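Visitor: Here's a structure for you.
The values are calculated or read from the model by the stated rules, or taken from the named source; none is laboratory data. No experiment lies behind these values; they were computed from the predicted model shown. Methodologically, a virtual Cβ is constructed for each residue, glycine included, from the backbone with ideal geometry; neighbour enumeration extends over all protein chains shown. Protein only, heavy atoms only, side chains kept; ligands, DNA and RNA dropped before computing areas. Shrake-Rupley method; radii C 1.70, N 1.55, O 1.52, S 1.80 Å.
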Amino acid sequence: MSNAIYVGIDLGGTAIKVGICDQSGKLLHTYEGPTGPRENGEEIAARMEQYVRKLVADTSYSMDQVSGVGAGIPGFLDTATGVVISSPNIPGFKNFPLKDILEAKLQKTVMINNDANVAALGEAWGGAGKGISDLVCYTLGTGVGGGIIIGGKILTGFTGMAGELGHMQLIPDIEAIACGCGHKGCLETVSSATGVIRMAKEAIERGEQTELSMVNDIQAKDVFDAAKAGDETALRIVHRAALYLGKSMAMLSIVVNPQRFILGGGMSKAGDILFQPIYEAYEKYSLPTSRQNVDIVPALLGNDAGVVGAAGLIISS
Ligand code: BGC
């Protein structure tokens, strides 16, 4: 096909981002719209179709030039059949045949994979992981996602569930709260944007003296900004989120010994206020020999890693 283009979809808890890449994986155009009600899988699939068609229509390309569509989906998937088995943060997807539905709607080959695996591939391909064969990528957003690349290849495991880092149950039972996966005390209950927001709201309800009580509709960024300004409540929340991320990295160092940890997703833009305490916890809990020359860096493709990696599913197929 001449001038073939490749479409990537990054489905998030609040937004669906779609993008067009060329054969080399270069991102040419993007569009983003709201995810809509997370309980309604059919509507989410309809929005995915609608945003892809709008994206292509707003460019000089046509749907005929689309070689295929890759999609990064937050949850537990059967990648071979393209069925979303379940999704902790998108309750509308339960044994949902997303690949078939999107193929029927778009009349294109569709491939789906876990959103964080796809972001890790994007970073490994053209971002902070370029040239590094052993890395672990976290995505910190509505949930905590993970992608593990070893020997240049994504680690899928027996049933494709490898790298579900957000569901490591690291929080002590006494402090554990319920996670969308059905368990309690998962890393993502504390170290995701959702977790940070929840902890801020709870602190306000407890009557803690914090400048966050003046903020309407608190977002994770408000908590990081308040922490930077020295707000003690915000600092405690950020340190708690960082502590468990750092601990999880120490454990991963023991299991797979990566050279680099990459942090993506909205929260990774927080900078040193988040990265410093993560590194401290990582240093405290890891073996010196497994952390030698290992670094923890922000994702380079930022919010684009998901769409680029998703388009990459098709480009590399
Ligand atoms: C899901 C993962 C996903 C992550 C980030 C978690 O709740 O289990 O599959 O990668 O959220 O979206």
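Visitor: Relative to the longest principal axis of the C-alpha atoms of the chain, give the angle of the C-alpha long axis of helix 232-256, reported between 0 and 90° and rounded to the nearest 10°.
Guide: 70
Visitor: Tilt of helix 305-315 relative to the longest C-alpha principal axis of the chain, in degrees (0 to 90, nearest 10)?
Guide: 30
Visitor: In degrees, nearest 10, range 0 to 90: what is the angle between the Cα axis of helix 272-285 and the longest Cα principal axis of the chain?
Guide: Relative to the chain, helix 272-285 is tipped by roughly 70 degrees.
Visitor: Gaussian network model of the chain, Cα springs within a sub-10 Å range: biggest mean-square fluctuation belongs to which of G12, G265, G230?
Guide: Per the Cα network of the chain with a 10 Å cutoff, G230 tops the list.
Visitor: Of A71, L235, G152, which is farthest along the charge dipole of the chain in the positive direction, counting Lys and Arg as +1 and Asp and Glu as -1 at C-beta?
Guide: G152
Visitor: Nearest 500 deg cm²/dmol is fine: what mean residue ellipticity at 222 nm does the chain get from its DSSP H runs of n ≥ 4 alone, each adding -39,500 (n - 2.57), divided by its residue count?
Guide: Taking each H run of at least 4 residues, the total per residue is -11500 deg cm²/dmol.
Visitor: On the protein heavy atoms, probe 1.4 angstrom, tell me the percent of accessible surface of the range 55-132 carried by carbon and sulfur. Mind showing how you got there, number by number?
Guide: Values: 1470 of 2950 Å².
The value for the range 55-132 is 50 percent carbon and sulfur by accessible area.
Visitor: Charges only on Cβ, +1 for Lys and Arg, -1 for Asp and Glu: so what's the dipole of the chain about the Cα centre, in debye to the nearest 20? Each step should come with its number before you reach the end.
Guide: Numbers: 25 positive and 33 negative charges, 95 e Å.
The dipole magnitude comes to about 460 debye.
Visitor: Once each part is reduced to its C-alpha centroid, what is the distance from the range 158-229 to the range 33-96 in angstrom?
Guide: A separation of 26 Å, based on Cα centres.
Visitor: Using a simple spin-label model with points 7 Å from Cα along the Cα→Cβ vector, what separation in nm is obtained for K130 and A15?
Guide: My value for the distance between the label points is 2.4 nm.
Visitor: A follow-up question, please. For the range 25-154, with only Lys/Arg (+1) and Asp/Glu (-1) charged at the beta-carbon, what is the dipole magnitude about the Cα centre, in debye rounded to 20?
Guide: On the way: 11 positive and 13 negative charges, 34 e Å.
Using only the charged Cβ atoms, the result is roughly 160 debye.
Visitor: What is the sum of charges, Lys and Arg at +1 and Asp and Glu at -1, for the other residues whose Cβ falls under 10 Å from the Cβ of G82?
Guide: -2
Visitor: Okay, moving on. Could you work out how much longer the chain between R236 and F158 gets when fully extended? Use 0.36 nm per residue separation minus the Cα distance between them, nm to one decimal.
Guide: 24.3 nm
Visitor: Work out the charge dipole of the range 131-299 with +1 on the Cβ of Lys and Arg and -1 on the Cβ of Asp and Glu about the Cα centre, then indicate which of P288, F275, V190 is farthest towards its positive end.
Guide: Towards the positive end, the residue furthest out is P288.
Visitor: Next question. If a/c stays under 1.5 just call it rounded; otherwise compare a/b with b/c (prolate if a/b is bigger, oblate if not). Do that for the chain, with a ≥ b ≥ c from the square roots of the Cα gyration tensor eigenvalues. Walk me through the intermediate numbers first.
Guide: Values: a/c = 1.79, a/b = 1.44, b/c = 1.24.
The shape class here is prolate.
Visitor: Taking all protein chains in place and a 1.4 Å probe, what share, in percent, of the accessible surface of the range 188-317 do carbon and sulfur account for?
Guide: Whole-percent figure for carbon plus sulfur exposure: 51.
Visitor: Follow-up. Return one whole number: the accessible area per residue of the range 240-317 in Å², for a 1.4 Å probe.
Guide: Values: 3310 Å² over 78 residues.
It amounts to 42 Å² per residue over the range 240-317.
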